[in-house]
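Here's the structure, in structure tokens; my notes come after.
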């Protein structure tokens, strides 16, 4: 299991486009992915859950990846977050 904190590196936070990009990555992998934000547990395959969690730009989000390809999904998510979801 991988449990790390990622920073939302865009100014607008997790709106529709970044949430969709996250779900697209998570859906390609077999590991279970969850995000923790302000005591909320958000499933990695839930666009609506990610959008309605209130995750703003600059916020820190804990990501938990557990499963056979957890390192791969974590690496892909980290790259997406580090790139600011293509909005930098």
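Taking every Cα atom in the chain, find the radius of gyration and the maximum pairwise distance Dmax, and write them in Å.
Over the chain's Cα set, Rg and Dmax evaluate to 11.4, 33 Å.
Give me the number: length gained by fully extending residue 27 to residue 1, i.e. 0.36 nm times residue separation minus the C-alpha to C-alpha distance, one decimal in nm.
My answer for the length gained is 7.6 nm.
Determine the calculated [θ] at 222 nm for the chain from helices alone, applying -39500 (n - 2.57) to every DSSP H run no shorter than 4 residues and normalising by the residue count; nearest 500 deg cm²/dmol.
Value at 222 nm, helices only: -10500 deg cm²/dmol.
Could you give the length gained by full extension between residue 41 and residue 69, i.e. 0.36 nm per residue of separation minus their alpha carbon distance, to one decimal place?
Full extension of this stretch gives 8.0 nm more.
I'd like the orientation of helix 16-27 relative to the chain: the angle between its Cα long axis and the longest Cα principal axis, in ° from 0 to 90, rounded to 10.
Here the helix axis deviates by roughly 0 degrees.
Once both axes come from the Cα atoms, what is the angle between helix 70-82 and the longest principal axis of the chain, in degrees from 0 to 90, rounded to 10?
Orientation of helix 70-82: about 10 degrees from the principal axis.
Using the number of other C-beta atoms within 10 angstrom as an exposure proxy, rank 69, 39 with the fewest first.
39, 69
According to a simple spin-label model (label point 7 Å from Cα along Cα-to-Cβ), what is the distance in nm between residue 60 and residue 12?
In this crude label model, residue 12 to residue 60 measures out at 2.6 nm.
A short reminder: the numbers here are calculations on the coordinates, not readings from a lab. Worth saying up front: this structure is predicted, and the values here are computed from it rather than measured. Heads up, the Cβs are rebuilt from the backbone with ideal geometry, glycines too, and the neighbour counts pull from every protein chain shown.
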